[in-house]
Amino acid sequence: MGGQVSKTYVSNPEAIGTKSSRDAGLGGASEWKEYDFIVVGGGTAGCVVASRLSEDPNVSVLLIEAGKSDGNVLTRMPLAFTKSYGSAVDWAYTSLPQERMGGKVVEWPRGKLLGGTSLLNASIYTRCTPEDFDQWVEAGGIGWSYNELEKYFLKIEKFMPDHQYLSKVDFESKGTSGPLRVSQTEDVSPIVAKIHETCRNLGLPFIEDCNANGGLLGFTHLTGTVDDKGERVSSASAYLTPAVRARSNLTIATNITVEKILFSETGPLRAVGVQVATSKTSPCYRIAARKEIIVSGGAFNTPQLLLVSGVGPKDELEKVNIKCVKDSPHVGKHLLDHTSSGPMIFRAKPGYTIDYLNAPLSALSAVLKWLIYGSGPMSKMSVNSVAFLRSDDPKFVDTGIGKVKDLASGPNSPDIEIMWAPAIVPSYTSAGRAGEHGITIAAIAMKAESEGSVTLKSSSIWDYPNLDGNFLESESDVNVILRGVRFVMRLVRTEPLKSALDLRPGNTDENDYFWFGDLDPDTTSDDDLRKILFRNGYPSCHPVGTCRMGGSPDTSVVGPTLKVHGIHGLRIVDASIFPKHMSAHPVAPIYAAAEKLSDMLKQDHGVA
Ligand SMILES: Cc1cc2nc3c(=O)[nH]c(=O)nc-3n(C[C@H](O)[C@H](O)[C@H](O)COP(=O)(O)OP(=O)(O)OC[C@H]3O[C@@H](n4cnc5c(N)ncnc54)[C@H](O)[C@@H]3O)c2cc1C
């Protein structure tokens with residue numbers, strides 16, 4: 001094949017590919033520009049793989065990202081994490097109308113820039129529980145137990161003991177020299193300490209170290225990807241440092257979309273290259289992969305790319321006039337998310353929360369403090385502590401509410417997370433009204449049974465796919481969340497939190513965002529709560545599972561080496577490969593999976 005280009009930063013596809021036409025066959029393939037490895041999607045996982053593979057100067061790596069190369073001040077400020085939603089760095093996905101939720105359409109933000117969703121998320125870093133990975137092994141993920149992944153967590157992390165640590169993190173069991181800075185940020189408002197005291201008063205154990213191996217039952221200070229200058233750390237800032245970007249064997253292409261994966265037309269089925277463009281109507285270019293193509297487009301875009309390339313359920317592909325290259329029935333199936341009650345907003349007395357930041361002058365002063373000193377509220381995580389419960393634990397939840405299935409990963413793993421933010425947060429894209437104060441709490445089903453799907457609207461990558469969460473289809477999911485909701489109703493009526501709040505049980509205005517929080521638990525039936533849940537419910541934006549890993553093509557899309565079943569030269573690593581969902585937040589396992597795949601690729605191809 002033709003010559004190799006060596007350039008570290010490009011947005012012109014002509015610099016990385018060879019001009020072609022969209023309906024061309026592989027005729028001119030020997031002329032295509034070529035790289036050893038092509039990584040599709042410069043998000044959380046993709047940046048890791050590109051960085052690790054290009055450590056060997058003898059290997060050429062092309063990383064292709066659909067979004068831009070850099071974030072902005074909002075993506076760097078930990079507390080401002082919701083402010084980028086709906087902007088140019090967000091794919092701004094929405095779901096199909098959700099049947100069980102009265103046809104409601106929900107927002108599903110996803111990062112569209114180098115660093116991907118690691119630049120839009122809440123910065124929470126949790127290794128999850130060892131039992132979560134036991135479930136991966138049971139599903140066919142041989143080699144993916146916690147013990148086997150631990151070395152990758154250690155390789156990722158740079159835990160730095162400093163004044164920010166609020167709980168006793170066991171540094172002996174953490175990585176201290178990896179690229180990803182992990183720390184704890186101080187409470188951003190006084191109400192957080194009140195919530196902790198209330199949890200203690202309810203008898204919840206305090207978990208000193210949320211990344212220890214002992215399980216996750218109780219309440220805890222979370223660790224997060226925030227550095228000592230109060231800035232968010234993303235996969236791009238951690239793994240694509242200026243020194244990495246300067247490597248002559250690494251080419252990073254931004255604002256360029258991979259339209260299709262291209263396959264051999266004769267012999268064993270092999271992914272030989274990709275087709276890229278900057279828009280639906282712009283010229284397209286083709287690029288060859290000498291060794292392998294790694295797809296890291298995330299839980300929505302990875303299955304979409306496979307499907308438009310002809311890899312997926314044959315009958316579905318035929319419906320949108322795509323020639324089936326490989327009948328792979330599980331592509332786009334088994335979409336799982338952490339399904340939430342949606343916001344329960346409780347009016348607070350003034351002085352306890354961060355709603356004062358809605359006033360322009362207060363916001364300006366907080367931003368200036370962050371810009372000048374790297375400190376103040378903008379440098380903190382909005383959610384720096386949570387509680388984890390089991391829905392079958394009568395000490396904390398009302399186990400009389402409906403029936404639940406035990407889908408927890410094991411006895412030490414939760415199936416409910418109670419998450420609080422010290423502000424009024426009616427949705428991902430709206431804030432509270434000026435002059436009002438409140439806290440927002442959600443009860444989240446961490447091991448939801450309801451599975452959704454990603455399917456195609458058309459044969460073009462440029463048309464957004466159909467995203468169907470199929471939320472709350474399972475009665476068990478509904479009951480798990482309701483048990484969590486009842487716990488929250490009890491929490492806010494327990495001291496000392498109760499005295500910091502201003503609940504008004506007589507509130508009858510269903511359109512008021514405080515209405516749900518004001519409901520009196522004694523006069524609100526479980527049936528009433530069910531109806532509210534169908535109206536108020538939301539995904540936590542942790543979609544996984546749409547190209548899941550497993551032992552056989554009958555149940556999965558990729559095997560334990562992350563190779564797509566039945567295709568040479570094509571692997572996947574991102575949230576889509578999760579065979580089961582986690583008991584906590586997914587980003588740490590995604591980083592670990594990307595590190596593990598990088599090792600496997602290096603080993604298989606003799607890369608140093
Ligand atoms: C609101 C929100 C809050 C969250 N909070 C947390 C949290 O606090 N902690 C946590 O653990 N998790 C959190 N998550 C989830 C977590 O951030 C994601 O699960 C994770 O970042 C996904 O990583 P990924 O590699 O699978 O995909 P991404 O990071 O989304 O990367 C995919 C990349 O591929 C690019 N791409 C896609 N298609 C193409 C194409 N055809 N051509 C070229 N490029 C393409 C995309 O632009 C993107 O950059 C949150 C998510 C959201 C949205």
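Please treat every number below as a calculation from the coordinates, not as lab data. A quick note: this is a predicted structure, and the numbers were derived from the prediction, not measured. Note that we place each Cβ from the backbone using ideal geometry, even for glycine, and neighbour counts take in every protein chain shown.
A few remarks follow.
- Qualifying chymotrypsin sites (Phe, Trp or Tyr not before Pro) for region 452-509 [loop in DSSP, other Cβ within 10 Å: at most 15]: Trp462
- Peptides ranked, highest mean first, by Cβ atoms within 10 Å: ranges 543-551, 525-533: 543-551, 525-533
- MRE, 222 nm, helices only [DSSP H, n ≥ 4, -39500 (n - 2.57), over the chain, to nearest 500]: -6500 deg cm²/dmol
- Across region 422-532, the mean sequence separation of Cα contacts (distance under 8 Å, 6 or more residues apart), normalised by length, yields a relative contact order of 18 percent.
- In order along region 305-315, the Karplus-derived 3J(HN,Hα) couplings, from 6.51 cos²θ - 1.76 cosθ + 1.60 at θ = phi - 60°, round to 5, 4, 5, 5, 8, x, 10, x, x, 4, 5 Hz, and Gly and Pro are given as x.
- The slack in the chain from Asp393 to Ser499, taken as 0.36 nm per residue of separation less the alpha-carbon distance, amounts to 35.5 nm.
- Placing +1 on the Cβ of every Lys and Arg and -1 on the Cβ of every Asp and Glu, with no other charges, gives region 529-608 a dipole of roughly 480 debye about its Cα centre.
- Phi-derived couplings, Karplus 6.51 cos²θ - 1.76 cosθ + 1.60 at θ = phi - 60°, listed residue by residue for region 328-333: 10, x, 9, 5, x, 8 Hz, with x used for Gly and Pro.
- Derived scalar couplings ³J(HN,Hα) [region 139-150; Karplus, 6.51 cos²θ - 1.76 cosθ + 1.60; whole Hz; x for Gly, Pro]: 7, x, x, 4, x, 10, 6, 4, 4, 6, 8, 4
- Lys168/Thr266 FRET efficiency (R0 51 Å; Cβ-Cβ; nearest 0.05): 0.25
- Using only side-chain charges placed at the Cβ, +1 for Lys and Arg and -1 for Asp and Glu, the dipole size of region 410-560 relative to its Cα centre rounds to 340 debye.
- Its Cα centre serving as origin, the chain has a Cβ charge dipole (Lys and Arg +1, Asp and Glu -1) of approximately 1400 debye.
- Measuring between alpha carbons in the structure, the pairs from Lys68/Lys457; Lys158/Lys326; Lys155/Lys229; Lys104/Lys596 lying more than 31 angstrom apart are Lys158/Lys326; Lys104/Lys596.
- Here the spin labels are modelled as points 7 Å beyond Cα on the Cα-Cβ line, and at Thr94 and Ser375 they lie 4.4 nm apart.
- Highest to lowest packing among 315-328, 572-585, scored as the average C-beta count within 10 Å: 572-585, 315-328
- As a proxy for reagent exposure, ranking Ser474, Ser87 by other Cβ atoms within 10 Å from fewest up yields Ser87, Ser474.
- Between Lys280 and Asn12, the contour length at 0.36 nm per residue exceeds the Cα-Cα span by 95.0 nm.
- Rel. contact order, % - alpha carbon contacts under 8 angstrom, at least six apart, the chain: 22
- Between Asp70 and Asn321, the simple label model (points 7 Å from Cα in the Cβ direction) yields a spacing of 4.3 nm.
- For Val39, distant residues with modelled amide H under 5 Å away: Leu62, Leu63, Ile64, Ile294
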